[in-house]
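Beneath this line is the structure, given in structure tokens, with notes to follow.
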Amino acid sequence: QGEVMESGGGLVQPEGSLRLSCVASIGGRTIAKMGWFRRPPGKERELVAIITEDGRTTYGDSVKGRATLSKDNAQNTLYLRLDSLKVEDTAVYYCYTRAGASIGPWGEDLWGRGTQVTVST
């Protein structure tokens with residue numbers, strides 16, 4: 001089994017920026033996809049951004065134009081930069097990794113414990 005661990009987050013001011021990091025420890029398996037989701041208070045979990053093994057990146061509608069996803073393949077590390085922060089960006093941010101096969105039983109879905117981001121003055 002593998003694990004993912006997030007870092008970053010905390011209290012940030014509106015119009016500021018944040019950078020989150022996620023490291024996936026998956027025992028030499030490939031990363032089929034890796035990304036960030038978030039759960040705002042009282043709402044459902046939503047996609048922030050995700051990148052596939054072939055480099056295709058998808059951003060959630062609420063962060064398009066403000067988010068930048070980057071990945072260090074050698075270190076199995078994913079970075080999220082989110083600019084022009086809004087109060088509505090307040091959420092618990094979760095790192096997600098699909099290790100191994102992209103579909104089916106030969107892959108594994110891994111979630112981090114989450115990191116709180118609060119946008120407030």
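Among the chymotrypsin sites (Phe, Trp or Tyr not before Pro) in segment 52-121, those placed in a DSSP loop whose Cβ has at most 14 other Cβ atoms within 10 Å are Trp106.
Using only Cα atoms, locate the centre of segment 96-118 and the centre of segment 58-74, then give the distance between them in Å, rounded to an integer. Taking the Cα centre of segment 58-74 as reference, the centre of segment 96-118 is 16 Å away. Using DSSP to define loop residues, name the GluC sites (Glu not before Pro) in segment 1-93 whose beta-carbon has at most 16 other beta-carbon atoms within 10 Å. Hits after loop and neighbour filter: Glu15, Glu44, Glu53. With N counted as the residues of segment 8-121, its alpha-carbon radius of gyration over 2.2 N^0.38 Å works out to 1.05. For segment 1-89, state which trypsin sites (Lys or Arg not before Pro) are in a DSSP loop and have at most 16 other beta carbons lying within 10 Å of their beta carbon. Sites meeting the loop and neighbour criteria: Lys43, Arg45, Arg56, Lys64, Arg66, Lys86. As a length-normalised measure over Cα pairs under 8 Å and 6 or more apart, the relative contact order of the chain settles at 36 percent. With all protein chains kept in place, the per residue accessible area of the chain amounts to 56 square angstrom at a probe of 1.4 angstrom.
The values are calculated or read from the model by the stated rules, or taken from the named source; none is laboratory data. All values reported here derive from a predicted model rather than from experimental measurement. When we count neighbours, we look across all protein chains shown, and the Cβ atoms used for this are built from the backbone with ideal geometry, even at glycine. Just so you know, the surface numbers come from the protein's heavy atoms only, side chains and all, with ligands and any DNA or RNA stripped out. Shrake-Rupley method; radii C 1.70, N 1.55, O 1.52, S 1.80 Å.
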